[in-house]
Amino acid sequence: MTTFVPTANQSLSVKFRNFFKPRDIFLHDGKSLRRFTIGARLQMAVVSGIVALLIWSLVATIAAINAMSGDVARMQQQVAQMQSDVDAMRVAVRERATQLEQRTAFLDTMLTGEATATRLSQQLPRNVETPDNARAAAMVEGFGRADAMQLALAERLETMTRQRYNARAAELRRRGFDPARFQAYTGQGGPYEAAAAADDADPRFRQLFTTWRALDQLETGAASIPSARPINLSVNFTSGYGVRSDPFRGSAAMHAGIDLAGPLGTPIYATADGIVGRSEWNSGGYGNLVELNHGQGIQTRYGHLSQRIVQAGQRVRRGQLIGLMGSTGRSTGSHLHYEVRIDGRAVNPIPFMQQPASTMAALQRPAAIGGPAAPGGAAAGSR
Ligand SMILES: [Zn+2]
């Protein structure tokens, strides 16, 4: 083997090959000296093997890192998805829980009989849509049972309210009143329109409210209907309504009311809620007259009083003392002349006195769904 002298123009393969020239290794074990020769081929094979191993492990490492970073990205995605699921679930659960609470409060108000239109319209539950997020949707399905129970209760209440409305309306029609006369009474302005405009209200609860409101208007309006006796005595008619022989002129004349006899000073009570229109001496024959305006074009008149106890403009309740029986004006003895007038026309008061107390009391403010009983209503029922 010649001594290797590198020159600039030697090719790379030659350099490479020359690098692996055979090498001698001497081993001395203390006694003898041994010589081994490692050929160029073997050296090349070993180095190539090592290089191949290094390349392979580098490739494998890169592949592993790539695979791992793919996993990390997927995991990051999953975590993000889980985070958004959890957020959606939290929102959905909060919304549903709030809705259930609102519905409970609304139903509670309605069932305790403390309902007013204002209060109910403020408590009207909001509508809640099913969440877009599938997991959140699945989670709030757990509220399904409570939801169904509330809706069933609302539906039952709506049916009961509707039936009661129909019964009241039929009752009014039997008395000769168009229910529309009372419907318009409380419907103008105020909380009703606000509630009707609440588009985000739970539709079934809005329906319940609408029906309740119609009943409430009817019952509030119907409080203007005279439905009690003006005197506490077992009624002693001395003269009925209609054409009769005039006790003063002796000729036939229209009697616009009824005459109820009783001792001088017998208490006279208002037969419906209203405002005193007149409390005055009337020279046309009524003598001491009290006239009450009950709204809806309904009036009552109380004539021949010995004493008037209320003043014009004063608000009175059904059953409130308004005067004492007398014999003033065109009267032949102590009695009350009682009139019921509708739209300025006198009608027979008897049907307004002959209603069984329970029936007419039912026409007035009821205890449960319709709200508090009108003051004086109970007193009217007891007479
Ligand atoms: Zn009379």
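The values are calculated or read from the model by the stated rules, or taken from the named source; none is laboratory data. Here the structure is a predicted model, which means the values were calculated and not measured. Note that we place each Cβ from the backbone using ideal geometry, even for glycine, and neighbour counts take in every protein chain shown.
Please specify each residue of the stretch 65-117 satisfying the condition of being part of a loop (DSSP other than H, G, I, E, B) and touching a residue at least 12 places away in the same chain (Cβ under 8 Å).
From the stretch 65-117, those part of a loop (DSSP other than H, G, I, E, B) are 112-116; that's our starting set.
Residues satisfying the conditions are 113, 114, 115, 116.
In the stretch 278-302, how many residues are touching a Gly at 6+ places or on another chain (Cβ under 6 Å) and over 26 Å from residue 220 (Cα atoms)?
Residues in the stretch 278-302 being touching a Gly at 6+ places or on another chain (Cβ under 6 Å) and over 26 Å from residue 220 (Cα atoms): 4 in total.
Go through the stretch 75-130 and give me each residue that's surrounded by 13 or more Cβ atoms within 10 Å (Cβ to Cβ) and of a type in the set (D, E, K, R).
85, 95, 96, 103, 119, 126
If you take just the strands (runs of 3 or more DSSP E) that sit entirely in the stretch 314-383, which of them hold at least 1 residues that are over 18 Å from residue 257 (Cα atoms) and modelled with pLDDT of 90 or more? Spell out how you get there, then give the answer.
On the way: elements: 321-324, 335-342, 345-347.
Filter on the stretch 314-383 gives 321-324.
Give the residue that is modelled with the lowest pLDDT, with candidates limited to residues of the stretch 232-249 that are near the ligand (Cβ under 10 Å from one of its atoms) and either polar (S, T, N, Q) or surrounded by fewer than 12 Cβ atoms within 10 Å (Cβ to Cβ) (or both). Give the steps one after another, and end with the answer.
Initially, the stretch 232-249 is screened for residues near the ligand (Cβ under 10 Å from one of its atoms), giving 238-241, 244, 247.
From what is left, the residues that are either polar (S, T, N, Q) or surrounded by fewer than 12 Cβ atoms within 10 Å (Cβ to Cβ) (or both) are 238-239.
Details: 238: 72, 239: 76.
Filtering first and then ranking leaves 238.
Of all residues in the stretch 254-308, which are within 50 Å of the chain's Cα centre (by Cα), small (Gly, Ala, Ser), part of a loop (DSSP other than H, G, I, E, B) and on the phi > 0 side of the Ramachandran plot?
Of everything in the stretch 254-308, just one residue is within 50 Å of the chain's Cα centre (by Cα), small (Gly, Ala, Ser), part of a loop (DSSP other than H, G, I, E, B) and on the phi > 0 side of the Ramachandran plot, namely 297.
Look through the stretch 150-174, keep the residues that are exposed (fewer than 12 other Cβ atoms within 10 Å of the Cβ) and of a type in the set (A, V, I, L, M), and return whichever of them is farthest from residue 90 (Cα to Cα).
Across the stretch 150-174, the extreme among qualifying residues is 170.
Looking at the stretch 296-315, which of the residues that are crowded, with 21+ Cβ neighbours inside 10 Å and away from the ligand (no atom under 16 Å from the Cβ) is nearest to residue 178 (Cα to Cα)? Outline the logic, then answer.
First pass over the stretch 296-315, keeping only residues crowded, with 21+ Cβ neighbours inside 10 Å: 298-305, 308.
Now narrow it down to the ones that are away from the ligand (no atom under 16 Å from the Cβ): 298, 308.
Working: 298: 13, 308: 33 Å.
Here the answer is 298.
So which residues in the stretch 250-268 are within 14 Å of the ligand (Cβ to nearest atom) and either basic (Lys, Arg) or modelled with pLDDT of 90 or more (or both), if there are any at all?
At the first step, the residues of the stretch 250-268 found to be within 14 Å of the ligand (Cβ to nearest atom) are 253-262, 268.
Result: 257, 258, 259, 260, 261, 262, 268.
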